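J.: Dropping the structure in here first, questions after.
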Amino acid sequence: MIGPTPASVLSRYLPLVGALLVSACADAKSPIEPDDAPSVNATTLVEGLNHPWSLAFVPGTDEWLISERSGDLRRVVDGELRDAPVTGVPEVVAKGQGGLFDVVPHPHFADNRRLYISYAKACDGGATTAVGHGLYADGELKQFQDVFIADACTDTAKHFGGRILFDNDGYLFITVGDRGQRERAQDTGGHGGSVIRVNDDGSVPADNPLVGQDGAKTAIWSWGHRNPQGLALHPETGEPWLNEHGPRGGDEINVVEAGVNYGWPVITYGNEYYGPDIGQEKKEGYAQPLHYWVPSIAPSGMVFVTSDRYPDWRGDVLSGALKLTHLNRVAFDGTTPTGETRYLKERGERIRDVRQGPDGHLYLLTDAPDGKLLRVEPPS
Ligand SMILES: [Ca+2]
């Protein structure tokens with residue numbers, strides 16, 4: 001099922017088309033030449049994390065939570081990493097890219113103590129992306145229950161997506177990758193390769209775009225995604241934006257809009273790992289990315305900077321980069337990218353998550369068997 005792109009979305013992208021056509025004439029490369037900036041430092045706060053994936057700040061406390069892909073949810077209390085992980089976390093399939101993923105407090109956590117977790121859940125034939133919640137206090141997660149289990153079960157152990165986000169209206173967005181089976185991204189009869197939008201109990205909102213369509217999974221909000229690994233709420237528009245992994249080249253930033261087909265694998269700026277083209281770069285009915293990276297940086301956790309500690313970065317998109325090991329900043333004028341800067345390359349560390357803390361500082365997680373929690377020191 002391939003839906004047309006709404007006219008409103010097309011008009012938003014039209015100013016970009018000219019610039020993209022120019023780049024399409026040469027060998028594919030990023031539309032913006034990145035600037036390598038040396039002027040930022042990071043301070044190590046915590047070491048000894050086993051492939052940390054996501055960082056959350058428990059509202060109203062000095063406790064931070066860090067998921068480890070292998071399945072533990074670790075506690076950092078008053079800046080100290082506790083030995084004992086949180087109890088009551090669901091059993092995960094820690095295999096390949098699978099494991100424990102995102103951890104996000106409910107918007108009304110202070111009242112309901114609900115902590116949401118995404119993870120690779122065992123299914124008949126492999127694993128799939130799942131999200132649930134439990135009641136969290138003092139290192140214990142109780143009454144954990146799933147609210148969404150993706151119809152995307154396979155034994156590939158790849159492309160789970162797994163980022164989750166609440167928007168300002170309390171809807172829960174969940175990314176699901178194509179599971180390494182690209183045809184899933186264009187098939188709205190399953191959840192693979194899509195962004196999900198559900199209520200906080202997992203029920204489907206009546207205004208979701210595929211409600212009433214025969215054979216469609218009505219929890220789907222947008223589709224044609226490959227493997228979205230970063231998800232963040234735009235501070236002014238309130239819309240979710242994501243980053244996603246392309247194949248060889250063609251990583252993207254997209255604004256996530258209802259009923260839009262983002263094109264994978266029909267359109268992509270990437271190639272097969274062994275060289276040949278996969279699809280064309282653009283085609284009517286498929287949304288162009290706002291920004292893309294060729295070669296791939298392998299973006300991960302993503303945040304909009306709103307803190308006044310980094311005045312030159314305010315409103316910009318930060319993404320961790322795994323493959324090209326840096327902190328990536330893309331500046332935007334509305335939805336048009338105006339510049340890209342790469343920080344901390346000299347550290348050579350895979351960056352899995354980026355978050356802005358309640359104190360306005362930016363924090364990073366490095367992806368390694370001895371992974372770290374870092375604080376980004378504001379540029380001098
Ligand atoms: Ca795309």
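Taken together, the values in this text are just the output of simple stated rules run on the coordinates, not laboratory data. Computed from a predicted structure; not experimentally measured. Every residue, glycine among them, receives a Cβ derived from its backbone with ideal geometry; neighbour counts consider all protein chains shown.
J.: Could you give the alpha-carbon Rg of the stretch 306-372 over 2.2 N^0.38 Å, rounded to two decimals?
T.: That ratio works out to 1.14.
J.: While we're on this one: Taking θ = phi - 60°, what integer Hz values does the Karplus form 6.51 cos²θ - 1.76 cosθ + 1.60 yield along the stretch 123-135, in sequence order, with x for Gly and Pro?
T.: Taking θ as phi minus 60°, the curve returns 9, 5, x, x, 8, 9, 7, 9, 9, x, 9, x, 8 Hz for the stretch 123-135.
J.: Only sites in a loop by DSSP and with at most 14 other Cβ atoms within 10 Å count here; which GluC sites (Glu not before Pro) in the stretch 234-320 make the cut?
T.: 236, 272, 284
J.: Report the full-extension gain for the segment residue 151 to residue 108: residue separation times 0.36 nm, less the Cα-Cα distance, to one decimal in nm.
T.: Residue separation times 0.36 nm, minus the Cα-Cα distance, leaves 12.6 nm.
J.: Related question: Counting only other residues whose beta carbon sits under 12 Å from that of residue 314, what net charge do I get with K and R as +1, D and E as -1?
T.: After counting each charged neighbour, the total is -2.
J.: Right, another one. As a test of understanding, state the convex hull volume per residue of the stretch 100-258 from its alpha carbons, in Å³.
T.: 120
J.: Could you pull out the trypsin sites (Lys or Arg not before Pro) across the stretch 61-133 that fall in loop regions by DSSP (anything but H, G, I, E, B) with no more than 11 other Cβ atoms inside 10 Å?
T.: Values: sites: 69, 74, 75, 82, 95, 113, 114, 121; in loops: 69, 82, 95, 113.
Answer in residue order: no site qualifies.
J.: Which aspartates and glutamates does residue 29 reach when only Cα atoms under 20 Å apart count, and residues fewer than 8 places away in its own chain are ignored?
T.: 244, 251, 252, 272, 277, 281, 340
J.: Charges only on Cβ, +1 for Lys and Arg, -1 for Asp and Glu: so what's the dipole of the chain about the Cα centre, in debye to the nearest 20?
T.: 540
J.: Excluding residues fewer than 8 places away in the same chain, name every one of the lysines whose C-alpha is closer than 20 Å to that of residue 217.
T.: Result set, ordered by chain and number: 121.
J.: Counting pairs of alpha carbon atoms under 8 Å apart in space and at least six apart in sequence, what relative contact order in percent does the chain give?
T.: About 17 percent, as a whole number.
J.: Would you calculate a helix-derived [θ] at 222 nm for the chain, using -39,500 (n - 2.57) for each DSSP H run of n ≥ 4 and dividing by the full residue count, to the nearest 500?
T.: Mean residue ellipticity at 222 nm (helix-derived): -2000 deg cm²/dmol.
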